[in-house]
1. One residue is enough: does segment 177-200 have a residue meeting the conditions open to solvent by less than 40 Å² (accessible area, probe 1.4 Å) and not in a helix (DSSP H, G or I)?
2. Would you tally the residues in segment 214-245 being over 24 Å from the mean Cα position of the chain (by Cα) and at pLDDT below 90?
3. Checking V41 against (1) under 25 Å from P123 (Cβ atoms); (2) free of Cβ contacts under 8 Å to residues at least 40 places away in the same chain; (3) of a type in the set (A, V, I, L, M), which test does it fail?
4. Looking only at segment 285-303, count every residue that is among the β-branched types (V, I, T) and touching a Lys or Arg at 6+ places or on another chain (Cβ under 9 Å) and tell me the total.
5. So Q28 fits all but one of (1) in contact (Cβ under 8 Å) with a residue 24 or more places away in the chain; (2) more than 24 Å from R121 (Cβ to Cβ); (3) under 25 Å from the mean Cα position of the chain (by Cα); what number is the exception?
6. Give the residues of segment 185-217 that are closer than 30 Å to A269 by Cα and touching a residue at least 40 places away in the same chain (Cβ under 8 Å), sorted by residue number.
7. I'd like the residue in segment 218-237 that is of a type outside the set (V, I, T), touching a helix residue (DSSP H, G or I) at 6+ places or on another chain (Cβ under 9 Å) and without any contact (Cβ under 8 Å) to a residue 60 or more places away in the chain and, out of all such residues, is most open to solvent (accessible area, probe 1.4 Å).
Amino acid sequence: MSKVCRILAAGDWDADGIVATALITYSQEKLGKYPLECQAVVDKTPVDPDRVKYLLSNLPGNYDLVVFLDLPFNDTIRNICIMLREHFGVKKIMYVDHHITSVQRIKEIEAIADTVLVDYRSPTSTLVYKELVSKGVSIHQRLKSFVEVVEYMDTGKRVPSNYIKLFELTKMFSKALTVERDEKLWVKIIDWLASPAPLPMPLDEKLWEKVKTSIEQRDKEISEKAVELAVAAVKIGDLRFVDARNAWKKRGVTALASRVSSILKSPVALLANTNRDYSLLVLKASNGRAYRIAKFLVGEGVALDIAGHPNLAIVRVPRNINKDELIQYLYKGVYYAS
């Protein structure tokens, strides 16, 4: 009897992380083809940059492979990878991501991972899908469609009419997990996506009504606050700067920045506090300008690092940063990025 491999897939909570994890689950559990050529049990766990440090807390040892999906690389993840090999008997590590931080630190990733798929030009799920295609692995149509939907979501391109329902369903999953942060629901959604056979929806009616109410309240709150902040935005070339440090103290800063950008119909830099010793500056600008402005700020020593994507960059800045000085640097950054 052939050996049954054990794999751990650690993916982000968002739509891209979910679909990427579903692709690995389908290819490995259903087909036994990739990443390892063997029958396998795939354990799945959601993680994010802040909570990835808890990954080792209850982790059983001796996995044949651990796959990280859609996580911006940082020092914590590097240390976890080292510990996985040295203390948990993990044989191989695979890293797939499209965040800017991972691109910048790809040499470090290559030093500790056996398989590395890192590229900012495509969502993580697309990177996995292309790799599967190159290996001759055929993905069922429903899952393939969700890969395409995530790509539309990530690039901001107009969603074709034939994908609207899947687009709304994907947003529903993402928002449900944002509200609930339920690990079992995350796994349920992935198993539903990975299965080629029809399965009951992972959100039952009672749960969906609860989630829907929470989503509506959150969206309303973000919309109202975005209108309030848009009025006070400072013009910096074609960019609008918003200081939300005293106005918004909850999660959803990137959603708030996107909503302000939509209202003003212009690129936005939104500054918000966190419960840590730094603030976040969210840059929303198309054609890779968000990353170029963020890169300028890092080069000038204003920003500590860059996360996010080329069109939605998230940089850490000192918590006590002077607003007027930041605006002056943004003036220069806008010129640099043009």
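The values are calculated or read from the model by the stated rules, or taken from the named source; none is laboratory data. Every value quoted in this text rests on a predicted model; they were computed, and no experiment measured them. Methodologically, a virtual Cβ is constructed for each residue, glycine included, from the backbone with ideal geometry; neighbour enumeration extends over all protein chains shown. Accessible surface is based on the protein model in full, side chains and every heavy atom, while ligands, DNA and RNA are left aside. Shrake-Rupley method; radii C 1.70, N 1.55, O 1.52, S 1.80 Å.
1. Looking through segment 177-200, at least one residue is open to solvent by less than 40 Å² (accessible area, probe 1.4 Å) and not in a helix (DSSP H, G or I).
2. Matching residues across segment 214-245 total 0.
3. (1)
4. The total comes to 0.
5. Q28 satisfies every listed condition except (1).
6. Across segment 185-217, the qualifying residue is only I215.
7. This residue is R218.
Residues are listed down the side, and each one gets a yes or a no for (1) over 17 Å from the mean Cα position of the chain (by Cα); (2) closer than 29 Å to K3 by Cβ:
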site	(1), (2)
E37	yes, yes
K53	no, no
L56	yes, yes
G61	yes, yes
I77	no, yes
S102	no, no
L132	yes, yes
